[in-house]
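The values are calculated or read from the model by the stated rules, or taken from the named source; none is laboratory data. These numbers come from a predicted model, not from an experiment. Glycine gets a Cβ as well: all are built from the backbone with ideal geometry, and neighbour counts include every protein chain shown. Surface accessibility is based on the protein's heavy atoms, side chains included, excluding ligands, DNA and RNA. Shrake-Rupley method; radii C 1.70, N 1.55, O 1.52, S 1.80 Å.
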Amino acid sequence: MSTSRLVGRMIRRAQEARKSADANLSTGLFNLACISAYQFIQLMIRARIIERTGAEPRVRGITGLLKALGEALNREEEISRFLEERKDDIAFLEELYGRSRREPSSCTHEEAEKFVMIADRIVGFVESVVEEAGPG
């Protein structure tokens, strides 16, 4: 499969995960909303890294993926600033994602809404950095 087809497929899957987060929020499946929102972030960042490098990143977690994106785009400084500014949000996501996977029904409606809001901010930042970097 070509890189552009793979990236397109990953972006579609990310968008589906984002829609799933909303559906899960509205039906009271808060743990699943968090898991879906986390997949949204990961898939979008991974797709943008593959788009630039042609290779799947070997890192895990939001911080590692964002750093890998910074390297792929030659935007390490901008990513580092974002990570510093959003470190509490990212720690919240990582903790709640882990808890959502380990402990059924452990996530509240408010936590899930906050999770999805932060996911949207992160992906919005990723898309703006990719756009500013221009074509690879």
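Can you tell me the order of 96-108, 22-34 when each peptide is scored by its average per-residue count of other Cβ atoms within 10 angstrom, highest first?
Ranked by mean Cβ neighbours within 10 Å, highest first: 22-34, 96-108.
Using just the helices of the chain, give the 222 nm mean residue ellipticity in deg cm²/dmol: DSSP H runs with n ≥ 4 each add -39,500 (n - 2.57), and the total is spread over all residues, rounded to 500.
-28000 deg cm²/dmol
Stick to the Cα atoms of region 1-91, pair each with every other, and give me the Kirkwood hydrodynamic radius in Å at one decimal.
When all Cα pairs of region 1-91 are included, the Kirkwood radius is 13.9 Å.
Once you charge only the Cβ atoms, +1 for Lys and Arg and -1 for Asp and Glu, what is the size of the charge dipole of the chain about its Cα centre, to the nearest 20 debye?
For the chain, the charge dipole is close to 660 debye.
Quick check: pseudo-label points 7 Å beyond the Cα along Cα→Cβ at H109 and S2, how many nm apart are they?
Between H109 and S2, the label points sit 4.7 nm apart.
Hey, what angle do you get for helix 76-85 against the long axis of the chain, alpha-carbon based, 0 to 90 degrees rounded to 10?
Here the helix axis deviates by roughly 20 degrees.
Give the separation of the Cα centroids, region 7-39 to region 78-136, in Å.
So the two Cα centres are separated by 13 Å.
How far is helix 30-53 tilted, in degrees, relative to the longest principal axis of the Cα atoms in the chain, given as a value from 0 to 90 rounded to the nearest 10?
The two axes meet at around 0 degrees.
Just to verify a number: what accessible area does E94 come out at with the full protein assembly present, 1.4 Å probe, Å² rounded to tens?
60
Label 7 Å along Cα→Cβ of V59; region 24-47 residues with amide nitrogen under 15 Å?
Those under the cut-off are 42-47.
Against the longest alpha carbon principal axis of the chain, how many degrees, from 0 to 90 and to the nearest 10, is the axis of helix 61-73 turned?
Value to nearest ten degrees: 20.
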